[in-house]
Every structure is written in structure tokens, then in C-alpha cells.
Amino acid sequence: MVSVAFINPLSDDGKQIVREMGSLEGVSDINEELIDAVIQTKSQEISDDDVVPQTYFDFALRRIEWYIKKKNDKKFNYKKYTFLLNDNILKFDVIAFYLLCQAIAIKFGPNSRESRVMVESQGELIENRLGELSKADRKDLVTLMLNSLISYSSIKWTFFEDLLSSRKLNLQDLILDNGEIILDKEEFVERFSDRIEHRDPGKMFDLMIGDRIKELILIRMIMQNTENYMQTVHEKSGREIEPNPVLLELADKVSDVLSASAQSYGYGGSFASDTKASPLNPKAFPPCVKKVLEGMKSGGRNDAIILFLTPFISYARLYPSVFSENISKRVSDVDPNLAALQNEILPMIFGAADRCNPPLFEDQPQEKVNINAKMGFGMHETLELKDEGETIWYTPMSCEKVKIHLPSLCKPDADCKKIGNPLTYYNRKKRMVKKEESQNESPNES
């Protein structure tokens, strides 16, 4: 069985590894033991030196790269990161985990984009590492770790208050009886056998709870504990005179990795591709969008602004290739500092709302909260990174849904033919407008 610390670096075993490390001296030096462990990993690609991490710093950054590329890159090469699933790199992995948590917490704080990526990447790593184990070893390890984190007897749902409030765990994922969470099979059978008719209570437990829910709880608890640890580090760093420069250097490199990936996957990069994030071009807007921007003068005002315009404008500006890439993202994945959201997207939406008759926010100011919610920031009056993920970032309505729910908007022009979504219209029309403008700027040949 693999070490508990390989799954949970915050365990006692993980903390012991950190204590044995002693100091940060040498974390940026070439480490032959690390290089050898990576090279010896079965199926690990070592086509060039850049693939193999040579220092603790390199290893820490590979952890982040792995998550970002796995999430966004359709051509992601798993073999370049196989070493991350090899428990022989345990010591380096645990140290890298603590380096990342401390660096990010000190430089960026617990509510930053960097912190969110760190927490999510840890959860993804745990899931993948458990997936490498045999079914029996996986079950034994999860049970062992859960026993160290919680007591199976009389678990009140309030025990998971942090997980539930942070939405890392949903209440509907759990089986409750009189306010207590049921995770043990024998207890489930004892409590529910007289209430279940025509079915085997044991099989019902396997179906409803089984190993899946236990693993989910374990992963979410470690993610929450990682977040809590970073919060503690951040608070302690505020009382220190000067942060360790080694950690600040690593934090800057993490930020560079995220910025580079954001450029590669749609934010701030070259505008050569019209499906990359780029400033909005109103000339390419479909008729339905132009109509809403002029201000709704009749029924459907709220839905037109909240459900139709908000998703369209936000995706058209930040992630116009959402339907072709088919990868879920958050606003901060493509607009890390929310600058485009605050300075371009919201002013355009609010302008359309003000042009409505009557102005939308004049009699319904609460709709500003709904706009934030439709972009993934929960039911809050202000947009803050710490709230992102409480709701989902709604994708633009299809043309069919517009016809059904907002028929007054659908006045198709010639370019609407064979188009299934206003965002598709925008991407195609933007290419046409760009081509026309380029031709007009070119000198006529004699």
C-alpha cells in the first residue's frame, strides 16, 4: 500500500517528511535523486531535459503544469507527467506541496486564482493516484485515511460545514438519518433495513454510498484542509517582517506558468485566431444581441439581459471557442485579474440594462446579483475571486432557445442561416468583418 502522505501531504507522515527536510536550503539546486526517480518511472517520457524536473522548484511547477494542461490541452501528453503518479517520488512530492502552499499563500493570499488552482490540482492528483491502485488497496487506503480524519459513529452533517459552505461537497451527495451522516455499511443496514422493501439493504448501500462517496469525502476533505493550511500560512506571514525570498521566487514562477497557460488557452494571446479572447467587435454581433443592446422596450427585459446578453457578452469577449473546445472554464481562467470583466463586459451589460424601458436596475437593483451569478460568482453584490465557483458560468443560449423563450429577439438576417448559436454567428461574422477591413486597407493594384 502507498504511503498516506502520497495522498495527503498534510498527514502526520507528510509533516514528518517536512521536519526531516529541515530548511529551504537547496530546494533550487539540481537533485540527482529526484532525476533518477523520475527517469526510472515506468512509461515516463524523457525525450528531452525539459520533461524531467531537476530541482524541488521544477517539481513544484510540474505539478501545476500537469493540472493546467490536463484540464485545457486536447493534445495533453500524459507520459510527460507519469512520474507524478509514482509513489517513489513521495519525498519530493510532499516538499513540493508545502513549497507551493506557502509560496502562493504568502504572495497571493488564500482567495487568489493561484490558490484555487493549487487546491483543485491537489484534488485532481489524489483522484488520479487512487485510480492507479488496485481496487482492494484503494478501498483499504481510503478507509484507513477516513478513520484518521473522522469517526464513523454519529457523524453530524455539521461536521462537514466547511465543505458544504465552500461547495466542495453537496448535501445531496450524503445519506442522512436524524441529522447524522451514514458511511458505514453495517450502520446503514441497521438503520434502514426495516424501511427498504423488496431490495437488499446491503446492495442499496453499495449503490448509494459504497466506495464512491467515501472517496469523494476524502478528496474534498484534503482539498479543504489544503485551503485551510494556506489560510493559516497567509495569516502568519502578515506578522512576519519579510517573507523568505525563495518562496517569493517560486510564487512568481507559478504566476508565470498560469499566465503562459492563459495565453495558450485563450486569454491575452495572439489575435491571429478569431476564437481567441479579444476585444469585442460590435460590428459582428448578431441581430438579437444588437436588439438587446439598444434596450428592451417590451416584455422579456429581465431574461434578455440576465439569461441572454450576460452569457453572450462574457463568452464572446473571454472564451469565444467554448463550443469548439468543449472544455469548462471559469472566468478567472481566461481573465485572471477580472480586468476585462470589470472594464469591458459589465459596462456593456449595464449600459443595455440602463437603456431598457424602464431601466432594469431602477426598479430591480437585485438583478445585478443575478448577473454576477450567471458568470459564476454566486449570489453576491460584488465580484470577488473568493466567490467564484459558487455558481456556474452560463453558456450562451442557442438560437432554438431564443426562439422559444425570447421570440421577440429573433429577427434573423441573411448570415443567420445554418447558425445554431448567436456566439457561432459572432465568431464567423468577426472573421468576415476582419477580412473586409483588411481588403479595404490594402492599396488597389493597378
Problem set entry | Long pairs among Lys74/Lys429; Lys253/Lys434; Lys253/Lys368, criterion Cα-Cα beyond 30 Å | Lys253/Lys434; Lys253/Lys368
Problem set entry | Amide H contacts under 5 Å for Ile181, placed H, 5+ residues apart | Ile155, Lys156, Trp157
Exercise. Taking a temperature of 10 °C and a viscosity of 1.306 mPa s, what whole-number D in µm²/s does Stokes-Einstein yield for the chain with Rh from Kirkwood over alpha carbon pairs?
Worked result: 64 µm²/s
For this session: Take the Cα radius of gyration of region 322-373 and divide it by 2.2 N^0.38 Å, with N its residue count; two decimals is plenty.
Result: 1.39
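Mind checking Rg over Rh on region 1-134, alpha carbons, Kirkwood formula for Rh?
0.93
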Exercise. Remind me, relative contact order of region 372-441 in percent, using alpha carbon pairs under 8 angstrom and six or more residues apart?
Worked result: 21 percent
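What accessible area per residue comes out for the chain, rounded to a whole number of Å², with a 1.4 Å probe?
Numbers: 22490 Å² over 446 residues.
Roughly 50 Å² per residue, with all protein chains present.
Measure off, as a whole percent, the carbon and sulfur share of the 1.4 Å-probe accessible area of the chain, all protein chains present. Write down the numbers at each step before the final one.
Numbers: 10630 of 22490 Å².
With neighbouring chains kept in place, the figure for the chain is 47 percent.
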Exercise. Applying the Karplus parametrisation 6.51 cos²θ - 1.76 cosθ + 1.60 with θ = phi - 60° to the phi angles of region 32-38, what ³J(HN,Hα) value in whole Hz is obtained for each residue in order, glycine and proline being reported as x?
Worked result: 5, 5, 5, 4, 5, 4, 5
Problem set entry | Set Lys276/Lys329; Lys135/Lys214; Lys70/Lys107; Lys283/Lys435; Lys276/Lys411; Lys291/Lys411 screened for pairs whose C-alpha atoms are more than 18 Å apart | Lys70/Lys107; Lys276/Lys411
For this session: List, in order, the whole-Hz ³J(HN,Hα) value for each residue of region 134-139 obtained from phi through the Karplus relation with A = 6.51, B = -1.76, C = 1.60 and θ = phi - 60°; use x for Gly and Pro.
Result: 5, 4, 5, 5, 4, 5
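Take every Cα-Cα pair in region 328-446 and report what % of them are more than 24 Å apart.
Working: 3232 of 7021 pairs.
In whole percent, the long-distance tail amounts to 46.
The values are calculated or read from the model by the stated rules, or taken from the named source; none is laboratory data. Fair warning: this is a prediction, and the values are worked out from it, not measured in the lab. Protein only, heavy atoms only, side chains kept; ligands, DNA and RNA dropped before computing areas. Shrake-Rupley method; radii C 1.70, N 1.55, O 1.52, S 1.80 Å.
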